[in-house]
Amino acid sequence: MSEAYTVGIDISMDRLDVAIRPGGQCLFVANDAAGWAELVVRLHRCAIAAIGLEPSGGYERGVIRALLAAGFSVRRINPNKLRQFARARGVLAKNDRLDAQLIAEYVAIMPSRSVQSNPAADRLAEVVTMRRQLCDEHVAAENQASHLGDAILRRIDQRRLARIEADVRLLDKRLAELVAAEPGLARRFGLLCSMPGVGATLAYTLLALLPELGQIGRKQVAALVGLAPYDFDSGKFRGQRHIWGGRMAVRNVLYMAALAAFRFNPALKAFHRRLVAAGKKPKVAIVAVMRKMIGVLNAMLREATDWVDHTTGRHTVPAP
């Protein structure tokens, strides 16, 4: 067929609901290798312009790999944006078939970015995500330990903490192996870590969860991380600017790195002091440092250059 079609896929653990527009055709297949193969065969009968789907806790990974391998253009749709789109269309009901139809319509109307196939980055992201979950579990166990009165419970909690710490060290080793095995990732990792204040944890997180870094503009990357200030004005009213949205997992790690960077990185330390001297609130100043960091790191990867402190000409910060 010469007419271009858009496809929406609603994903659940064991089933894929598929909608094709125009025409309103709906079908479903199993969310397994056989179902993915059947879906690819059916979609090859049409001229498919784009396929949209929502992230679904990892259940979408297999079908994405199958569709990309078959040469389709796949778009990952933000669930919050899709729900706002549904409300704007006057759709209040929600079910799997309806969601698939809305995704197909969203892909046809709204701008979206194609998913890029990068197996190395996908493996890295999987390990980074597991490491973050273990760190969250470690914090919860530490908080719980402070309230335990029974000696046996305290010993159990200490063993739990020791196990988690050992697992985190194991994942750190695995991350280093994955990066070292890929020359492109290893080169980008070295560039990122050349900035004082950027450690291995932030570098791994950026490589895994922000693959666009170095390929887009500073304003775009700030918006992706959730550090772009948005207006809140109406008529003569001028409201406060606030950051919103973005990739929280990246932003959380970047926040911790910024706390160290504005103390030990001379350029960022001077930048932070100027903001504080101008009367900026502490959190506003830290967010500005975060935005500065991600903008500079974006430029470093784009230009393939190491960090240089232009105020001193140094590539590294001298030991205190």
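The values are calculated or read from the model by the stated rules, or taken from the named source; none is laboratory data. This structure is a prediction, so every number in the text was calculated from the model and none was measured. Cβ: placed from backbone, ideal geometry, glycine included. Neighbour counts: every protein chain shown. Just so you know, the surface numbers come from the protein's heavy atoms only, side chains and all, with ligands and any DNA or RNA stripped out. Shrake-Rupley method; radii C 1.70, N 1.55, O 1.52, S 1.80 Å.
Of note:
- Single residue of R188, R113, R131 found to be under 17 Å from N252 (Cβ atoms), in contact (Cβ under 8 Å) with a residue 12 or more places away in the chain and within 23 Å of the chain's Cα centre (by Cα): R131
Conditions (1) within 20 Å of M130 (Cα to Cα); (2) open to solvent by less than 80 Å² (accessible area, probe 1.4 Å), marked per residue:
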residue	(1), (2)
H147	no, no
I152	no, no
I164	yes, yes
R174	yes, no
V179	yes, yes
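- Residue in region 212-229 that is outside any helix (DSSP H, G or I), more than 20 Å from the chain's Cα centre (by Cα) and either more than 30 Å from M130 (Cβ to Cβ) or of a type in the set (A, V, I, L, M) (or both) present: no
- The residues in region 218-252 that are touching a residue at least 12 places away in the same chain (Cβ under 8 Å), farther than 23 Å from P119 by Cβ and open to solvent by 10 Å² or more (accessible area, probe 1.4 Å) can be counted, and the count is 13.
- First in region 164-176 and farther than 18 Å from R188 by Cα and in a helix (DSSP H, G or I), second anywhere and open to solvent by less than 50 Å² (accessible area, probe 1.4 Å) and of a type outside the set (A, V, I, L, M, F, W, C), Cβ under 8 Å, 6 or more apart: I164/H138; E165/H138; V168/R131; V168/H138; L171/R131
- Condition check for D157: open to solvent by 80 Å² or more (accessible area, probe 1.4 Å) and either within 14 Å of L207 (Cα to Cα) or more than 20 Å from the chain's Cα centre (by Cα) (or both): no
- When region 261-282 is limited to residues that are touching a residue at least 24 places away in the same chain (Cβ under 8 Å) and small (G, A, S), the one that is surrounded by the fewest Cβ atoms within 10 Å (Cβ to Cβ) turns out to be A270.
- Yes/no for N80 being in contact with an Asp or Glu (Cβ under 9 Å, 6 or more places away or on another chain) and loosely packed, with under 13 Cβ neighbours inside 10 Å: no
- So D32, is it more than 16 Å from Y106 (Cβ to Cβ), in contact (Cβ under 8 Å) with a residue 12 or more places away in the chain and charged (D, E, K, R): yes
- Unmet requirement for K94, which otherwise passes all of (1) of a type in the set (K, R); (2) outside any helix (DSSP H, G or I); (3) under 20 Å from the mean Cα position of the chain (by Cα): (3)
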